[in-house]
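Structure first, commentary second.
The values are calculated or read from the model by the stated rules, or taken from the named source; none is laboratory data. Note that the structure is predicted; figures quoted are calculated from it, not measured. Quick reminder, even Gly has a Cβ in these numbers, built from the backbone with ideal geometry, and neighbours come from all protein chains shown. These accessible areas exclude ligands, DNA and RNA; they are computed on the full protein's heavy atoms, side chains included. Shrake-Rupley method; radii C 1.70, N 1.55, O 1.52, S 1.80 Å.
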Amino acid sequence: MKIFLIGYRCTGKSTIGRRLSSMLGFSFLDTDKIIETRQSQTISRFVEKNGWDDFRKIEKQILMETVDVKNYVIATGGGIILDPENLQFMKDNGTIVWLKAPVKTIINRIKKDIRSSDLRPSLTGLTIEDETESVLNQRIPLYKRRADFEIDTSINDVYEIVQKIKRRLDHGW
């Protein structure tokens, strides 16, 4: 079994993914962390030097490398859903959980995260507020269409969110 966590920046994919994997006795994989490790640089620096297209290629390669792994929770990058092949791969190979939060919550989390500029380079060059709203308008239909189920991460604490996900998984969503 594989569980793919999708969602926009700062919706809790990494934090919840680590806790969920621990609760389930699964391994945890964070695609963004693997990219940083393999490239020996932050995502911001990589994107600045190589562009988003190269980032998306590496992200896809890492996703495809999970084809044979079992019992994993995989935290994906927020834009992994932009590639239809990625979406189909996740649908064919596991359960997709969309972690979501209101725009204001996401913006507040981005502003509070001291590593945000290293981990989350601008996607559009707009302000955080305008970018978040614009990009979410584009991505929400993709998240919604492909997710097996969704969880709002602004309502409960991490433990309660993980419990909700586990209950949904135990009961076939």
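The residues of the range 46-70 that are open to solvent by 70 Å² or more (accessible area, probe 1.4 Å), assigned to a helix (DSSP H, G or I) and in contact (Cβ under 8 Å) with a residue 12 or more places away in the chain amount to a single one, GLU48. Look at the range 131-151: where a residue is without any contact (Cβ under 8 Å) to a residue 40 or more places away in the chain and a partner is part of a helix (DSSP H, G or I) and of a type outside the set (Ser, Thr, Tyr), sitting 6+ places away or on another chain with Cβ atoms under 8 Å, you get GLU133/VAL103. All of ILE43, ILE16, ILE35 fail the test of being open to solvent by less than 40 Å² (accessible area, probe 1.4 Å) and free of Cβ contacts under 8 Å to residues at least 60 places away in the same chain, apart from ILE35. In the range 100-107 there is no residue matching the filter, namely being in a loop (DSSP other than H, G, I, E, B), modelled with pLDDT under 95 and either touching a Phe, Trp or Tyr at 6+ places or on another chain (Cβ under 7 Å) or open to solvent by less than 50 Å² (accessible area, probe 1.4 Å) (or both). When the residues of the range 19-32 are narrowed to those that are among the polar types (S, T, N, Q) and buried (at least 19 other Cβ atoms within 10 Å of the Cβ), which ends up farthest from the chain's Cα centre (by Cα)? By that ranking, first place goes to SER21. Total residues in the range 71-98 satisfying the condition of being of a type outside the set (D, E, K, R) and part of a helix (DSSP H, G or I): the figure is 10.
Contact map, the range 79-95: first residue at pLDDT 95 or above and open to solvent by less than 20 Å² (accessible area, probe 1.4 Å), second residue of a type in the set (Lys, Arg) and in a strand (DSSP E or B), Cβ cut-off under 9 Å, separation 6 or more or different chains; pairs are MET90/LYS2; THR95/LYS2.
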